[in-house]
Amino acid sequence: RKTDMHFMLPLYEWGVTQVIDENGYPRVERKHIKEEYLAAIERYRVATKEISIQLGVQWNPQARETHRILVHHLRVPVEGRAASGEPRQGREDLFANVYLFDNSDLFYQIYPGESYSLEREKQSAAYAHAVARTILEFGIKADVIQAHESYAGFMPFIIRNHPDFREQEIFKKSAFIAFSHSMIATTIPKYSQENNWILGLDGVEGVAWEKI
């Protein structure tokens, strides 16, 4: 049975890369990375659509702040090795769907701020909203939704509790898998409950806050 894979990733302005210094010790360097993706976007892009997400506003439960995100849908050929061990060239029927979230204010660098900061929680909340909106906008059949690492951690909660998503048939049938490959604070932060307003669910009836 054919399985379609859809990968949704922030299009970061800045990233980090590990290098070895002159003494042989590893260190991390900050690097501007967005330009590196532009050629790939032009080469593999199928479509670009604009979505809008709404995050909360502090001290005003009923208010929402709107953020517009360009979503670039890329169809990227998959290369690898066949069962025989021979190199396998990219095939038209073997590809990955990649969706890049383009908003420099929200996704300017990976893991912004401190481990448990509001700055980082905002980016994680924005990512969760963007994933849900993209699934609806592009008509993706989401049988299984995988939440990988902290920036994806709010996805199940947002989809199950936000009024724009929780009644959608496509999400009622979705299963969630969540995991992390690291047990450090950058991958599994514990955000302050005082900042949960950023999720854009304050004032909404039926939110299962006890499950966050």
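The values are calculated or read from the model by the stated rules, or taken from the named source; none is laboratory data. Computed from a predicted model, the values in this text were never measured in an experiment. Here Cβ is always computed from backbone atoms with ideal geometry, including for glycine, and neighbour counts include all displayed protein chains. For the accessible areas, the whole protein counts, side chains as well, though only heavy atoms, and no ligand, DNA or RNA atoms are used. Shrake-Rupley method; radii C 1.70, N 1.55, O 1.52, S 1.80 Å.
Note on Lys211: lysines with a C-alpha under 30 Å away, same-chain residues under 8 apart excluded, are Lys122, Lys141, Lys172, Lys173, Lys190. Taking N as the residue count of region 1-63, its C-alpha radius of gyration divided by 2.2 N^0.38 Å amounts to 1.80. Solvent-free Debye calculation, one equal scatterer per alpha-carbon of region 96-212: log10 I(q)/I(0) at 0.11, 0.20 Å⁻¹ equals -0.36, -1.24.
Ordering Ala128, Ala96, Ile159 by Cα displacement along the dipole of the chain toward the positive end leaves Ala96 in first place; charges were set at the Cβ atoms of Lys, Arg (+1) and Asp, Glu (-1). Rounded to the nearest 500, the 222 nm mean residue ellipticity of the chain from helices alone is -6000 deg cm²/dmol, with -39,500 (n - 2.57) taken per DSSP H run of at least 4 residues.
Could you work out what % of the accessible surface of region 10-149 is carbon and sulfur, using a 1.4 angstrom probe and leaving DNA, RNA and ligands out of the count? After summing per-atom areas, the C and S share lands at 47 percent. The Rg/Rh ratio of the chain, with Rg taken over Cα atoms and Rh as the Kirkwood radius over Cα pairs, comes to 0.99. For region 130-144, the Karplus equation 6.51 cos²θ - 1.76 cosθ + 1.60, evaluated at θ = phi - 60°, returns couplings of 5, 4, 4, 5, 5, 4, 6, 5, 9, x, 7, 7, 9, 5, 10 Hz by residue, with Gly and Pro reported as x. Residues Leu106, Leu38, ordered by accessible area of protein heavy atoms at a 1.4 angstrom probe radius and largest first, appear as Leu38, Leu106. Heavy-atom accessible surface of the chain, averaged per residue, reaches 60 Å², computed with a 1.4 Å probe.
Taking the Cβ-Cβ separation of Gln168 and Phe95 as r and a Förster radius of 25 Å, what is the calculated FRET efficiency to the nearest 0.05? Approximately 0.45, to the nearest 0.05. A crude spin-label estimate for the pair Tyr37 and Ala208, with each label 7 Å from Cα along the Cβ direction, gives 3.2 nm. Across Tyr99, Tyr191, the residue with the most accessible area heads the list, and the full order at a 1.4 Å probe is Tyr191, Tyr99.
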